[in-house]
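Written below as structure tokens is the structure these notes are about.
No lab work stands behind these numbers, since they all come straight from the coordinates. Since we're looking at a predicted model, the values are computed, not measured. Counting neighbours? That spans all protein chains shown, and the Cβs are built from the backbone with ideal geometry, glycine included.
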Amino acid sequence: MVTGKGRVRPHWQGFFSSGEAEAGAMEESWDAARRLLFQNGVTYHAYADPQGVERPWPLDPVPLLLPATEWQAISSGLRQRARLLDRVFCDLYGTQNLIRDGVLPPGLVMGDPGFLRPCHGLEVQPAARLTLFAADLVRDSGGIWRVLASRTQNPTGTGYALENRVVLSQTLAESFRNCNVERLSPFFEQLRQTLASLAPRSSGPDGSPRMVLLTPGPFNEAYFEHAYLARHLGLLLVEGADLMVRDQCVYLKTLGGLERIDVILRRVDDDFCDPLELRPDSALGVPGLLQAVRSGNVTVCNAVGAGVTDSVALLPWMGKLSEYLLGEAPLLADVPTLWGGDLQQRAAMFSRLDQLVFRPAFSNLGHTPIHPASLDAAARADLIHRIRRRPQDWVAQEAVAPSTAPVWRDGRMEARPLVLRAFACATPDGDWMVMPGGLARISADDRYPTVSLQQGAGAKDVWVVGSGLATQPRRSRVTAPDGAGDTGPHGGDLPSRAADHLFWVGRYAERADNVVRILRAAARRLSDDAHPGADEELVPLLRLMGWVGMIPPVIAASPAADAVRAMRQSLEIIADPGNPGGLRAHMDRLRRSVLCVRDRLPADVSRLLVVLDQRASTPLRSDPAAVQLRLDEIAPLLAALVGLELDGMSRGPAWRFLVLGRRLERAIGIVGALQGSGVAAGTVDIGAALSVLLELGAANAAYRERHPIGIRREAVLSLLLADLEHPRSLAFQIQTVERQLAKLPEVEGDGSNVSPTHLALSLLSTATQLVRDPQPARDAGALFDLTERLGRILPEISNLLSQAYFSHVFARTT
């Protein structure tokens, strides 16, 4: 940033000239950046993190600025390294001349768990071998950028780099313009074009390929990036369970049947991709995937087996490899590295133990570095024993002191060591395009031993200072080529897994809303200004809270004389964040379901859910007034969430399953309220119970409009059960479920059984007839029978929906 004489370097002058680097302005930018990241739900999963699995993305507000001339050298070296490792991949899975001619030791390749023998001889299109390539670079004290490691199997970071840019280009807009920062959009456009060019066939009527991004799922450390990239590139986000192989082709299991897939951009590690030929215990891959690749019916990017070129143990041979395969000297230097499988290098490792950094040689064994100089005697002896026992599994690297970058800490700039991850994308003509930027990671403190996001490191946007604004059009997202079909998150058929999650998003959102309504009703009746008769109304509320699992049955059964004390005790129980029936638990279930389909919901849903989750995660006090204040904040947020879900989506299958889940859960909840409150069995004060049900069903205004005075049993139950004009009535829910189910693809039976779709529609017809009968509103026995029958029918409809659309037991008719 500054020279040894304290002068601002030329490429930083545009940044400082804007005034945004001043302390007050930078603090404002930092606050704005954190808000944007929070609202956008940008997270990184840190395994075994005491703060929780999801950690907020640790973006630093000060970007890393690199001059165009320095970046050009990095870019040229990165393209050469990508070409070199591509050739290494071809040789190791082909003729293996590198081993025959003595360029590489046989043990380095054959002893690498990342060398997958089933992939030997597998023909892969050139641009599919290393479609995405990344390298971790450090700049030493002499200003030389050195390769610390290559990332070819699963190069994470492009999506985070893009999100960093989105945030900082808004919060530091003037500095961004002053620095003429090179834009990232062309890189992502090239990536999508490359993926489309790799399709083995023309798919749809318009010739557009069907492309998906294969993710390990929402508990992967970089799941946010997977969903973000899928949305940005217009790919369908899928998990292994969404795909199947039939007739040596890969198909997506959708509501409309099986849809053939042409290109898979994978984020699943090599050995997990195919449990049939690789790792049999994998639940993340697709059985038969390698055979489909062999047959030329699908393209997987990066190619399965690319992890063999991830090995840090290759670094000592990079010079020889480059001369042998390219006839060129490496343009990028490597961090000096020793491999334990070579006798001479192993001897050098032990002779300089305290000056080196040890790490696993192969990516499958992990990446965590070990610094012998910082170990106590026992740990040091254990490390030496482990190395001697399997020396081929270890490498040792020079403890390079990386250059530092400015970071914002406690209202001022400080220096921190950094590692730069740079990315390259293959092009159809056999070259690579380098992203003009990257993902910089900064150490958690001013010591270097480790720069790892898993261990608390931060992240930076990387600005290549040049003429980006003058030469490149401004684009906010990738656009599909002319004639391409809609493969984005709202186009094409809905995967069965996504339909399942959307169905449960609807159900969990309704359950959370129901819990909030019950708690608000209880808190109001315990407040100082509660209305007359409030104490009597606590009894049906207690019964209902026990019915839905919010409190233990023994407390729910408290007599009327003890209702106030029992309800106060209930609020204390519900305030416990570990209560599986409390609001916190229901919000957790909703959040997890939304996380699984965030690419299919409006972007504002994720933002609102972050705010809602924050409100619900704050410990709930047992004081009734405090409970009511908190719930008065949460209730409108839940209503807004529902509005975004239902009104911000096109009326396709995704929307229908969301509606089906919500309406079916509400219908089950209405029946449960009648049973749980004691109304159906007639075991409570009917007037008090009906007053509670009117409030829970948001029906007070509608009832008073028709019946200004008094509460009449028949009138209340008619409104809650059969009134199709009331959007929270039981009849309204059943009618909506019936209409939406009728619009879904029909499901055939298996030859011996009736179609589950027909069974569900038949049950809905029965339910409609039951709620239209006026007798239950008049007669206690008829009401009891009605709730008993619907209590069996409605859950069975949910089971039939699952059987028909989520399990793929039956075939779809189109």
key: Burial ranking of peptide ranges 421-433, 376-388 (average Cβ count within 10 Å, highest at the top)   = 421-433, 376-388
ask   = Where the convex hull is taken over the Cα atoms of region 487-610, what is its projected area averaged over directions, in nm²?
value = 9.2
inquiry  = If I take all pairs of Cα atoms in region 178-258, what percentage of them are more than 19 Å from each other?
reply    = 50
task = Quick one: compute a quarter of the convex hull surface over the Cα atoms of the chain and quote it in nm².
result = 39.9
task = Enumerate the whole-percent occupancy of each 10 Å bin, from 0 to the last occupied one, for all C-alpha pair distances of region 616-714.
result = 12, 28, 36, 21, 2
note = Given unit charges at Cβ for Lys, Arg (+) and Asp, Glu (-), the dipole magnitude of the chain about its Cα centre in debye, nearest 20, is 560
query = Rounded to two decimals, what is Rg over Rh for region 546-705 when you use alpha-carbon atoms and the Kirkwood radius?
reply = 0.99
inquiry  = Please give the charge dipole size of region 345-386, origin at the Cα centre, charges +1 on K and R Cβ atoms and -1 on D and E Cβ atoms. Round to the nearest 20 debye.
reply    = 160
query = Using θ = phi - 60° and the Karplus form 6.51 cos²θ - 1.76 cosθ + 1.60, what ³J(HN,Hα) does each residue of region 248-264 get, whole Hz, x for Gly and Pro?
reply = 6, 10, 9, 10, 9, 7, 10, 4, x, x, 8, 10, 6, 10, 9, 10, 10
query = Rounded to the nearest 0.05, what FRET efficiency do Glu328 and Glu796 have when you use their Cβ-Cβ distance and R0 = 56 Å?
reply = 0.20
request  = Could you please rank Lys460, Lys320, Lys743, Lys253, placing first whichever residue has the fewest other Cβ atoms within 10 Å of its Cβ?
outcome  = Lys743, Lys320, Lys253, Lys460
ask   = Based on the Kirkwood radius over alpha-carbon pairs, what is the Stokes-Einstein translational diffusion coefficient of region 496-806 at 10 °C with 1.306 mPa s viscosity, in µm²/s?
value = 79
message = Rounded, prolate or oblate, given the Cα gyration tensor of region 136-201, with a/c below 1.5 counting as rounded?
response = oblate
query = Can you list the HN-Hα couplings for region 724-730, worked out from phi with the Karplus curve (6.51, -1.76, 1.60; θ = phi - 60°), rounded to whole Hz and with x for Gly and Pro?
reply = 6, 7, 9, x, 10, 7, 5
query = Dipole size in debye (nearest 20) for region 496-806 around its Cα centre, Lys and Arg Cβ +1, Asp and Glu Cβ -1?
reply = 500
Per-peptide average of other Cβ atoms within 10 Å, ordering 717-724, 284-291, 71-78 highest first = 284-291, 717-724, 71-78
query = Amide H of Ala149: which non-local residues (sequence gap of 5 or more, or other chain) have their own amide H closer than 5 Å, using H built in the peptide plane?
reply = Asp136
message = Given the options His385, Gly430, Gly217, identify the residue whose Cα lies farthest towards the positive end of the charge dipole of the chain (+1 on Cβ of Lys, Arg; -1 on Cβ of Asp, Glu).
response = Gly430
request  = Would you mind calculating the relative contact order of the chain from Cα pairs under 8 angstrom and at least 6 residues apart, reporting the percent as a whole number?
outcome  = 14
message = Please state the shape class of region 694-746: rounded when a/c is under 1.5, otherwise prolate if a/b exceeds b/c and oblate if not, all from the C-alpha gyration tensor.
response = prolate
Cα gyration tensor, region 691-808 - rounded (a/c under 1.5), prolate or oblate = prolate
message = Once you place label points 7 Å from the Cα toward the Cβ at Ser527 and Phe350, how far apart are they in nm?
response = 7.7
message = If packing is taken as the average count of other Cβ atoms within 10 Å, what order do 304-314, 157-167 fall into, highest mean first?
response = 304-314, 157-167
remark   = Checked against the positive end of the charge dipole of the chain (+1 on Cβ of Lys and Arg, -1 on Cβ of Asp and Glu, about the Cα centre), the farthest of Asn164, Pro106, Trp317 is Trp317
